[in-house]
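Written below as structure tokens is the structure these notes are about.
Derivation of every value follows stated rules applied to the coordinates shown; laboratory data play no part. Only a predicted model underlies this, so the values are computations on that prediction, with no experimental measurement involved. Cβ placement follows ideal geometry from the backbone for every residue including glycine, while neighbour counts extend to all protein chains displayed.
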Ligand SMILES: [Zn+2]
């Protein structure tokens with residue numbers, strides 16, 4: 001069989017998309033989902049910021065001695081993972097995990113971050129997906145963070161009259177040019193992560209309080225990447241619903 005030398009299914013971000021903001025509920029969500037693409041974008045010289053809505057203090061039952069004790073650990077591990085990915089800044093909004101809701105307060109907080117960072121592209125999860133397959137119910141925090149993020153992108157980030165108090169903070173409206181939704185059941189863009197999958201694996205393993213020694217991390221992420229790549233003719237990919245405004 002002829003070896004494929006091009007990647008027809010790969011979606012390269014235009015050079016004009018210099019700033020990217022990833023928004024997620026939990027400290028390790030972006031590493032699980034989009035970190036291969038993030039590593040590629042930072043290698044291409046783009047400026048990536050992460051915004052983590054909750055502290056991740058509720059973590060897992062196994063690793064949670066108490067709510068507060070886990071917070072600094074998760075913050076430290078998030079920064080370590082971000083460093084591996086070449087992410088410039090991590091913003092922590094400090095909400096409690098487990099009970100997150102897509103409130104107006106959260107939408108305003110995310111609007112504030114968007115207006116300050118002024119990204120060309122926002123990356124978040126899919127707020128419409130309640131479950132995947134037959135074994136995984138999408139975490140309500142994931143849906144809540146994604147829902148508020150989408151609503152912050154449009155209309156509140158770009159509309160002067162929404163959240164006028166942000167104008168008082170010196171934050172002018174900002175129009176986001178693209179929204180990349182991960183975990184979509186109707187993806188239309190695939191990023192070739194063949195060269196950055198190892199970096200993604202290392203970044204997720206940095207969340208040691210969640211993954212332990214993480215022997216399962218590599219086969220899991222490789223399996224997902226192969227599965228996502230199938231539809232695009234790529235050996236390893238991350239899939240997105242890409243929207244352009
Ligand atoms: Zn999560």
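Neighbour counts of other Cβ atoms within 10 Å put 97, 198, 151 in the fewest-to-most order 198, 151, 97.
Going by a ≥ b ≥ c, the root eigenvalues of the Cα gyration tensor, does the chain fall in the rounded group (a/c under 1.5), the prolate group (a/b larger than b/c) or the oblate group?
oblate
Taking label positions 7 Å along the Cα-Cβ direction at both residue 185 and residue 128, the computed distance is 0.9 nm, reported to one decimal. Cβ-Cβ distance of residue 245 and residue 96, R₀ of 35 Å, FRET efficiency by 1/(1 + (r/R0)^6): the value works out to about 0.65.
Which of rounded, prolate or oblate describes region 110-245 when judged by the alpha-carbon gyration tensor and an a/c cut-off of 1.5?
Values: a/c = 2.04, a/b = 1.84, b/c = 1.11.
Cα axes put region 110-245 in the prolate bin.
Take every Cα pair under 8 Å whose residues are at least 6 apart in sequence, average their separation, divide by the length of the chain, and the relative contact order is 26 percent. Kindly work out what percent of the DSSP beta bridges joining two residues of the chain are antiparallel, to the nearest 5. In the chain, DSSP labels about 35 percent of beta bridges as antiparallel. Compared with the alpha-carbon gap, the fully stretched path from residue 118 to residue 83 is longer by 10.5 nm at 0.36 nm per residue. With Cα atoms defining each centre, region 117-144 and region 171-245 are spaced 12 Å apart in the structure. The stretch between residue 104 and residue 18, if pulled fully straight at 0.36 nm per residue, gains 28.1 nm over its current Cα-Cα span. Modelled this way, with points 7 Å down the Cα-to-C-beta line, the labels at residue 43 and residue 159 are 4.0 nm from one another. Report summary: the helix-based calculation at 222 nm, which adds -39500 (n - 2.57) for every DSSP H run with n ≥ 4 and divides by the residues of the chain, gives -11000 deg cm²/dmol.
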